[in-house]
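Down below is the structure, laid out as structure tokens.
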């Protein structure tokens, strides 16, 4: 393998898929491979979390129904609301759905990006212009995470529509802990609900 390839970013020339379930992985990969020769599929580090333990039969059926509509109509909006936009992908989709299920009073658009390259900019910008508030949730660390680019795009293109600063909910800027208890505190999931509520109250 040509080691020089590691010195450049591949994000611009690989179609990058970030899935949160078996259903999305199968549909997106099949569609992408039929169109593009270069496809990168990003799976949560603890693949079992995404593909097994967090996906009950009931959830799988519900998400399959939602996704089938999304594929048919060309959007990636899993929930619709009026007060805030949650933009996420991969494991973050499960975290956001759990928080929204536990807080039914929160009226939020939940945008599952599904692909990072290409990015569904139109969906993101349209939702943020409607709600006026945006929080980007991702598993990556705060510094260097994809959420920084999303926040920048939103700030640049939706500034006059924003009622609050764009919030990023990310993992801590430390190495990933080995112990599960520490990893739970490291991940953005531990702070997302509090950050979401604070942004709503801004």
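Coordinate-derived values only; no laboratory data. No experiment lies behind these values; they were computed from the predicted model shown. Cβ: placed from backbone, ideal geometry, glycine included. Neighbour counts: every protein chain shown.
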- request: Multiply the residue gap between residue 103 and residue 183 by 0.36 nm, knock off their C-alpha separation, and tell me the result in nm, one decimal place.
  value: 26.4 nm
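Listing 152, 107, 171 from the residue with the fewest other Cβ atoms within 10 Å to the one with the most, what is the order?
Ascending Cβ contact count within 10 Å gives the list 152, 107, 171.
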message: Please compute the modelled spin-label separation between residue 130 and residue 174, points set 7 Å along Cα→Cβ, answer in nm with one decimal.
response: 3.9
query: On full extension of the chain, what length is gained from residue 198 through residue 119, given 0.36 nm per residue of separation minus the C-alpha to C-alpha distance?
result: 25.7 nm
